[in-house]
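The block underneath contains the structure these notes are about, expressed in structure tokens.
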Amino acid sequence: MHRLKTRPQFQAAMAGGTVSRTAHFALHRLGLQEGGGAPAAASAAAAASPPTGPGSLPTTQGPQALFAVVRGERQGPWMGAMVPKRWARRAVTRNAIKRQIHAVAATFEAQLPVAAHVVRLRATFDRKQFLSATSDELKRAVRAELLQLFGHAVRRSGAARTEPSAAPPATLPPAAAPSLQPAPGGVAA
């Protein structure tokens, strides 16, 4: 899974539209072409007569150029986490939420379509309920909500993406497989 790094990448993914929402999070997605660049017809035309000189940047490039992958690398989903100070004042809270976002996204990587995704925190977690920024209760609440967010997005996107190089989760030994089952307390760990 690739990570979004630049402001234009985040802006393009946010412009793609909202796919799923929960009480605290929203998932935005911008669909990408499998090739990862400009459409085949446009790239063939550009190769035939490449423009030169000032102002020679292609005008039909679009947001696809922001998500180019080096040849030989596997094309997969792109993920970004946006946790504004407005909703999570303390840096330790923002970083803990971002880590949870990327961890849950990694478990859904094989099921996500080739697209740029941004998970955005859209409401605050009550500080009276979650006293510590790194409390286990907050981590469980964030993880449960992210599992719901990604589960809805995967169901909405249709069939899972299949790749011959990806090993199915059933082949992993039980100790190595990530647990998505609820903990004895009824909340996913």
Applying the selection to segment 118-129, what residues are crowded, with 19+ Cβ neighbours inside 10 Å and part of a loop (DSSP other than H, G, I, E, B)?
-> 125
What are the residues in segment 130-144 that are open to solvent by 40 Å² or more (accessible area, probe 1.4 Å) and touching a helix residue (DSSP H, G or I) at 6+ places or on another chain (Cβ under 8 Å), if any?
-> 132, 134, 139
Scan segment 28-49 and give yes if some residue there is open to solvent by 70 Å² or more (accessible area, probe 1.4 Å) and modelled with pLDDT of 85 or more, otherwise no.
-> no
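The values are calculated or read from the model by the stated rules, or taken from the named source; none is laboratory data. Predicted, not measured: the structure shown is a model, and the values here were computed from it. Note that we place each Cβ from the backbone using ideal geometry, even for glycine, and neighbour counts take in every protein chain shown. Note: areas computed on protein heavy atoms with side chains; ligands, DNA, RNA excluded. Shrake-Rupley method; radii C 1.70, N 1.55, O 1.52, S 1.80 Å.
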